[in-house]
Every structure is written in C-alpha cells, then in structure tokens.
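Read-outs: derived from the displayed coordinates by stated rules, not from any lab. The structure presented is a predicted model; accordingly, all values stated were derived computationally and were not measured. Here the Cβ is made from the backbone with ideal geometry for all residues, glycine too, and neighbour counts use every protein chain on show.
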Amino acid sequence: MSTEEVAKKVVELCRKQAWKEAINTLYADDIVSVEAFNPHGGPTEMRGIDAVRGKTDWWINSMEVHSQKVGDPFVAHDRFVVQFDIDVTEKESKKRFQMSEVGVYTVRNGKIVREEFLPKAGSMS
C-alpha cells in the first residue's frame, strides 16, 4: 500500500474505533510509538507491536469514549498526519475530559513504522 492508502485506512478504522484492526493490519512488527507523556509516569516511547497492542488494550479498558472526531489525513512522501479530537471519561476516576492531538505517522513498505502523538497546546492540562 502507498502512504496515502495507509493513511486513509488508518482514518477509516479509527473513525470506527477499530484500533486493534488498525494495529494488526497496518503496523510493522518493529513499530515505534511515542506519546507526549505517560499519565502513569512510565516510558513515553514503546517499541514493538506487542507494546503497542498493550497500550491500546490499556486505552480500551481504561477509557469510555463519548465522542471522537478523526480528521482527514495530510500526506507527503512517507509520512502523514491525522488530527484526533476525543471526549472521554477515565473509568476508574470518573474524570471526563477532552483532548486534541495529532498523530504523525511514518510508513515504509506499506506498514506504519513510527507514530508520534503531539497534543494541542493546553489541551492536556
């Protein structure tokens, strides 16, 4: 798949909250995933598909998604960017919050090899 095809498929699956399907079909085994911060104080960078699957399982089990908006991708060369606006409640604390971030993705050989999430300034405070 081309970078644009991967980008469109990521958007399609994320809009359906089919995050596991996106990982299983579009991510390279040696994916590097970088978050802006880790709410539990752990590492912000994860390596390998199993680590990304674990992060996704944590999200699904910890958050109730009320609504989300997944923007259309911006694509150039081997990279694309997608904006995510999400309204969630953390299940344990019952704290509801909105977050806005972009995912910056790098594609090689039709698979995502790197993702990095950058929050909108002030949206995570």
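The figures follow:
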{"quantity": "Unmet criterion (only one of (1) surrounded by 13 or more Cβ atoms within 10 Å (Cβ to Cβ); (2) closer than 27 Å to Glu4 by Cβ; (3) touching a residue at least 24 places away in the same chain (Cβ under 8 Å); (4) in contact with a strand residue (DSSP E or B) (Cβ under 6 Å, 6 or more places away or on another chain)) for Val88", "calculated": "(2)"}
{"quantity": "Within segment 1-42, considering residues that are among the polar types (S, T, N, Q) and not in a strand (DSSP E or B), the one surrounded by the most Cβ atoms within 10 Å (Cβ to Cβ)", "calculated": "Thr3"}
{"quantity": "One residue from Gln83, Gln98 being surrounded by 12 or more Cβ atoms within 10 Å (Cβ to Cβ), in contact (Cβ under 8 Å) with a residue 24 or more places away in the chain and part of a strand (DSSP E or B)", "calculated": "Gln98"}
{"quantity": "Residue in segment 53-67 that is part of a helix (DSSP H, G or I) and in contact with a Ser or Thr (Cβ under 9 Å, 6 or more places away or on another chain) present", "calculated": "yes"}
